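Accompanying notes for the structure given below.
Just so it is clear, none of the values below were taken in a lab; they were calculated from the coordinates. Fair warning: this is a prediction, and the values are worked out from it, not measured in the lab. Glycine also receives a Cβ, built like all others from the backbone with ideal geometry; neighbour counts cover every protein chain displayed.
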Amino acid sequence: MTGLKVAAIHARFGRHEVLRGVDLAVAPGETLVLFGPSGAGKTVLLRAIAGLEPGALGQVVIDGQDVSARGPEARNIGMAFQNFALYPHMSARDNIASPLVARGLQADEIAARVAEIAKLLRIGHVLSHPPRALSNGQKQRTALARALVGRPRVLLLDDPLRNVDAKLRYEMRLELPRLLRESQAATLYVTQDYREAMALGDRVAVLRAGRIEQCDASETVYDRPATAAVARLFGDPPVNLLACRPVADPAGLRAEAAGFRLVLDASAEAAGQECLLGLRPETLSLAAAGPDAARLEVIATTPLHERLVVLLRAGDGTEIVASLLGAAPPPGAQVAVAADAAAALLFDAASGARIPARRVMAGKAA
């Protein structure tokens, strides 16, 4: 496979093993988002791929060539960092041109490439400015231009939108997918923002405790997380995880927790096991009282975008978060809340692994 492939990447700082055998593959023109909490090892993995982490072990293959023993300058990799890392004594133009100068390209070709990428990123009017005279958005675009100008086969982006304002971050989430596709580089993009991961990634790899816990299309990671830990990382408000012990039912498994009674299309092997029932807040809704709806007390409400986040309490003291449309029920009110059984998740309590559906539909496990 052309593009980027890494196999069995390990990295250790003293006794702490940061990366524990990471395998990944990214195709040309594909953006794979590397997502995970702080300290998961995301930046260390990028540095290992770039040849900047001397203690890292494992194999790095670019366009079919094993570059594991090559220095950073011989790997044809472009990088952009969250702190921009621009040379303060150089103009924006010279910052962008620096990889081309290092490769010994002719001045006219350097000028043409810099002008081309500056036009693409709409920073042609600030090329003569030093970094101190640039806004954060202009610094970010300059850093991206420097990473792209060499037409690298692999592009490593380390949380490049983290230090820009919310408006620019939103705009770049719209613009970046097109820029990255046009570059035809195999792109590995690091972020701690699950919305950014879902907006930018053709696929999302969840790195946790030094290992890839799941690598799938973004909607698959959200709708069918491999583990309860992955489910917790995606969503705002986060998923409700309720202890339950499901029992066999002719239609699947019946799970009861915090007043909810749901029949799930889940493997019968989980019957009688300690499990976690995952209910995402947006899959809960106010309903007419009934045997399957939970009777909950409203504790507090707060608006979030076009929805209302409601903190609820079950009779056993369990707290539930719902994300609702419509008018806010007042604190202290008793309300009936229904859960969408088709969207519910079930995890093994001991291992955290998601319990799959009984059926296989269209070639995919539900």
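Taking the Cα centre of the chain as origin and assigning +1 to Lys and Arg Cβ atoms and -1 to Asp and Glu Cβ atoms, the resulting dipole is close to 860 debye. Between GLU297 and ASP340, what is the label-to-label distance in nm when each label sits 7 Å out along the Cα-to-Cβ direction? Between GLU297 and ASP340, the simple spin-label model gives 3.0 nm.
Short-range pairs are left out: with C-alpha atoms under 8 Å and at least six residues apart, the relative contact order of the chain is 15 percent.
Relative to the longest principal axis of the Cα atoms of the chain, the long axis of helix 92-102 makes an angle of roughly 70 degrees.
For the stretch 274-324, the list of GluC sites (Glu not before Pro) that fall in a loop by DSSP and count at most 13 other C-beta atoms within 10 angstrom reads GLU274, GLU306. Modelled label positions at ARG15 and GLN106, each set 7 Å beyond Cα in the direction of Cβ, lie 6.0 nm from each other. One compactness figure for the stretch 233-365 is 1.07, namely its Cα radius of gyration divided by 2.2 N^0.38 Å. The alpha carbon centroids of the stretch 212-264 and the stretch 1-45 are separated by 27 Å. For the chain, the 222 nm mean residue ellipticity estimated from helices alone, with every DSSP H stretch of n ≥ 4 adding -39500 (n - 2.57) and the total spread over all residues, rounds to -7000 deg cm²/dmol. By how many degrees, 0 to 90 and rounded to 10, does the Cα axis of helix 107-120 deviate from the longest principal axis of the chain? It works out to around 30 degrees. Once the C-beta distance of HIS89 and ALA209 is scaled by a Förster radius of 51 Å, the resulting FRET efficiency is 0.80 to the nearest 0.05.
Dipole of the stretch 4-227 computed with +1 at Lys/Arg Cβ and -1 at Asp/Glu Cβ about the Cα centre; of PHE81, SER183, ALA7, farthest Cα towards the positive end is PHE81.
Can you give the % of DSSP beta bridges in the chain that are antiparallel, to the nearest 5? Don't jump to the answer; show the numbers that get you there.
Working: 61 of 79 bridges.
Antiparallel bridges: around 75 percent, rounded to the nearest 5.
Going by average Cβ neighbours within 10 Å, how do the peptides 69-82, 156-169 rank, with the highest at the top?
Order by mean packing, descending: 156-169, 69-82.
Residues with beta-carbon under 14 Å from that of ASN163, excluding ASN163: net charge, scoring Lys, Arg +1 and Asp, Glu -1? My count for the surroundings of ASN163 gives 0.
Can you tell me the mean projection area, over all orientations, of the convex hull of the chain's alpha carbons? Units nm², please. Walk me through the intermediate numbers first.
Working: hull surface 88.0 nm².
Convex hull of Cα atoms, orientation-averaged projection: 22.0 nm².
Using 0.36 nm per residue and subtracting the Cα-Cα separation, the extra length available between TYR170 and GLU274 on full extension is 33.3 nm.
Placing a pseudo-label 7 Å from each Cα along the Cα-to-Cβ vector at ALA248 and HIS125 gives an inter-label distance of 7.2 nm.
ARG12: net charge of surrounding residues, Cβ under 12 Å, Lys/Arg +1, Asp/Glu -1, itself excluded?
Values: positive: ARG15, ARG20; negative: GLU17, GLU53.
Once positives and negatives cancel, what remains is 0.
Taking a ≥ b ≥ c as the square roots of the eigenvalues of the Cα gyration tensor, the stretch 33-165 is oblate, since a/c reaches 1.5 or more and a/b is not larger than b/c. Report, in degrees rounded to the nearest 10, the 0 to 90 angle that the Cα long axis of helix 166-183 makes with the longest principal axis of the chain. With rounding to tens, the tilt is 60 degrees. Listed values for the stretch 134-145 are Karplus-derived 3J(HN,Hα) couplings in whole Hz (6.51 cos²θ - 1.76 cosθ + 1.60, θ = phi - 60°), namely 9, 6, 4, x, 5, 4, 5, 5, 5, 5, 5, 4, and x replaces Gly and Pro.
Take the Cα of ALA328, go 7 Å toward its beta carbon, and the backbone nitrogen atoms of the stretch 299-318 under 11 Å from that spot belong to 300-304, 308-311.
A simple count of charges around VAL149, restricted to other residues whose Cβ falls under 10 Å of its Cβ and scoring Lys, Arg +1 and Asp, Glu -1, yields +2. In order along the stretch 307-319, the phi-based Karplus estimate (6.51 cos²θ - 1.76 cosθ + 1.60, θ = phi - 60°) of 3J(HN,Hα) comes to 10, 10, 8, 10, 8, 10, 10, 7, x, 8, x, 5, 9 Hz; Gly and Pro are listed as x.
Spatially close Lys pairs in the chain, defined by Cα atoms under 23 Å apart and a spacing of eight or more places or different chains, total 5. Computed 3J(HN,Hα) for the stretch 151-163, one whole-Hz value per residue from the Karplus formula 6.51 cos²θ - 1.76 cosθ + 1.60 where θ = phi - 60°, is 6, x, 7, 10, 10, 10, 10, 9, 6, x, 9, 5, 9, glycine and proline marked x.
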